Structures are given as structure tokens and as C-alpha cells.
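Structure, as C-alpha cells:
The values are calculated or read from the model by the stated rules, or taken from the named source; none is laboratory data. Since this is a predicted model, take the numbers as computed values, not measurements. Glycine also receives a Cβ, built like all others from the backbone with ideal geometry; neighbour counts cover every protein chain displayed.
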Amino acid sequence: MRFDPRLIHPDEPPERADGELDLPDHLAALAEQLADDAAHLSLKYPAEPPAQLSLAARLAREAEAVKRAGHARRARLLAWLSVATVAAVAVSTSIVLLSAGNPAQSPRQLSQAVDAALSEATVPGQAVASRTARVPHPPRPLGGVPGEPGPMLREVSAGPGSAALSLGDLSGPEMEALFDLLHRESPDVASVSF
Amino acid sequence: MHPLEIDETTREHFARIHRAALVLSGNPWDADDLAQETFLVLARQGQKFEGRSSVYTWLYGILLNLDRRERRRYGMRRKKLRVLWDNQSPDESLAPGAGEAAEVAEWKKSLWARVARLSDGQRQALVLRFSEGLRYEEIAEVLECPLGTVKSRIFHGLAGLRRILEEEGDDARQLPAFPGEDLSHAV
């Protein structure tokens, strides 16, 4: 069957010259009746502005307050995050700088230092005087020089007597205990300085 | 939008939004809810209003969206209740269901009850044009469609309304049944 465009009704409604719809009489009457019905319903069931207005106003104020509180909370959170970020960066940078300044802080370097110390300690009578070890610096004696700097740790020359210490005979926990003792300030050690 | 502006807007436009809500919903209780919710949206999202259109066309847009959402919910509720309804005995099913809409008698007798059976687009265009008296351009703005579509929806909505009346077998002279009303203009 051949397509006949006349079977399709045009969707364009009829219009007048002024752009208004050119409604047939029966549709115009319906339109007028719709307006009348709407007006009648509106008169029969009028809006109650006081209650509605107070509710809407309260809701508006509450919404505004909630919005302001949300903004303030977000601002505080952002400030806290900024401070935390800066602090984290500062701490990380400090750790990195300290690690770079003190190579013994690296676990690998620490183990290398321990290995070197072990090898030197197990060879008796070899350059003992030139070996250095980190020992706790005793508190300044009462009769000491007031202007003398007093780092907690200082490098001291090991005496010939200390060469008798054989670190190779120590077990792991014993080695840790030894390091702890060396790094700890002890009144006993301080008394040695006298 | 500042709270004071919201107060002023509410005071100025609440009545017209409530009237449209009443025509759409068919009862004053749902109309109250719809109108209040419209202004609640205004209070919450007033800052989104950019002032490129009139405030009331923006409010009508909110109202129509809310009405569409309510109708969808109502349809789903009816569908769920239909399952229970089908399982009831015929005697029990004579009573009105809980999911039945509570339209007031005045609305049921009016043409707007028939308009409610039209498609969403035609129904909304007829409400905005003949209840609210908006211009075609304003309706196009609210419904976000071309001007020609608005005119087409209004024209075909009226034609559809006429068909519904004919199907009901009603004489237009018997519509609407408000006492003391001049019906001489009715076809």
C-alpha cells in the first residue's frame, strides 16, 4: 500500500494571526470552563498563608543555619587537614634529614657498622687504639669546666683494656642489651668519668 | 536567596502555587503538602535560582516535578495494593481501598478530574494555561519545551478532554455541577 501523507493529521494546532490558538467553539467553551472550575476550587479551598508562611520561613532559616554550619565545619576540617599535612611533611623531612646526617640510623648501615665492630673486636692487638666506639657521655662532673660542651654521646678513644671485650661471643639479645647500655645515660657510667 | 527574600516570595506566590496544587491533586490536604514542599525546595535550593526567569515560573517547575513524583509514588502504591486487592474476597473488595485517592467532591465534579486522565504533558499545560493563566512563552519555560509543543499540548489536551466527556456520555451542559453557575456558554 502506498504511503499517503493525508492519513497523518497535522500536529500543528490552528493559530490566529496574533499567535493565539484558534480554538473551535466547543474547545473554547471547555477552556473557559476549566478556568471557572479552577477559580471555584480556589475559592472553596483557599490557602492558609499564616501557617504556611511561618513554616516556610522557619524552614528557610533552618536551612540557612544548617548551610552556614556545614560551611564552618568544612572550613575547620580543611584547616585541620592543612595543619596536619604541614606537620606530616615537617616530620617526614626531619626524619629524612636526620637519617641522612646519621648514617648509622639506616638498618643496613647499622648492621654494617656492627659487622665491622665485630671483625675488629675479634682480632686481638690490631690498631686497638685507633678504634672508636660510641659510648654514653657521662654527665658533667661537679668540678668540671662550665663552658665545656657536653653532648650526650661523644666519640672517645677506646683504651687498651677495652680490646679484651670479645663481641663475637655475644648472642643477638646480648648484643642488643649492650647497645642499650651504651646508649643509656647511667649514673654508674657517670661515676666512671671521675 | 536570602531568608528574607524567601519570606517575601512565599508571601507573594503561595496562593497561586497552592491553587495549582489543588487543581493537580484534587484535595486541599495534598495541595497543602505540595505547596509547602515547593517552598521548602525554594528554601533549600534558593541559591540555584539564577534570576533568568520569573520566580513563579521557577516555582511552578518545582511544583510540577513534585506532583509528578507523587503521582509515580501513588501509582506504585496502588500497584502494590492491587496484589492484596486481588486476593480479597469480592465482598471485602467493595469497600474503598486504602490506596484510593481522597479527592474532594467539588474537584471530582469539575473538569479537572477529567484532565487528570490526560497525559502528564497535556495536563500540566492545561493547568498552567487555564488555571494559572500563564502565557504560552512562560509555559514553554516551565515545561522546558518549544512554544509549538506547548500550543500543541493545549490544543490536543482540550480535544482529549472533549473525547473523555463524550466517552462518559455526559452532556457538557451537565458539567460542572456547581450550583448557581451560568452554564449557557457550555457546549
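Residue-by-condition table, conditions (1) in contact with a Cys (Cβ under 8 Å, 6 or more places away or on another chain); (2) under 14 Å from B:Thr57 (Cβ atoms); (3) surrounded by fewer than 19 Cβ atoms within 10 Å (Cβ to Cβ):
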{"residue": "B:Leu126", "(1), (2), (3)": "no, no, no"}
{"residue": "B:Glu132", "(1), (2), (3)": "no, yes, no"}
{"residue": "B:Glu138", "(1), (2), (3)": "no, yes, no"}
{"residue": "B:Cys145", "(1), (2), (3)": "no, yes, yes"}
{"residue": "B:Lys151", "(1), (2), (3)": "no, no, no"}
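No other residue among B:Glu132, B:Glu138 is away from every other protein chain (no Cβ under 12 Å) and touching a residue at least 24 places away in the same chain (Cβ under 8 Å) apart from B:Glu138. Taking every residue in segment B:30-54 that is more than 14 Å from B:Glu8 (Cβ to Cβ) and pairing it with any residue that is of a type in the set (A, V, I, L, M) and assigned to a loop (DSSP other than H, G, I, E, B), at least 6 positions away or on another chain, the pairs with Cβ-Cβ distances below 7 Å are B:Ala35/A:Ala47; B:Gln47/B:Met1.
Matching residues to (1) among the β-branched types (Val, Ile, Thr); (2) modelled with pLDDT under 85; (3) assigned to a helix (DSSP H, G or I); (4) within 30 Å of B:Ile154 (Cβ to Cβ):
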site	(1), (2), (3), (4)
A:Leu27	no, no, yes, yes
A:Leu34	no, no, yes, yes
A:Ser42	no, no, yes, yes
A:Arg61	no, yes, yes, no
A:Arg68	no, yes, yes, no
A:Ala72	no, no, yes, no
A:Ala79	no, no, yes, no
A:Ala84	no, no, yes, no
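Restricting attention to segment B:1-60, and to residues there that are basic (Lys, Arg) and surrounded by 15 or more Cβ atoms within 10 Å (Cβ to Cβ), which single residue is farthest from the other protein chains (Cβ to nearest Cβ)? So the residue we want is B:Arg16.
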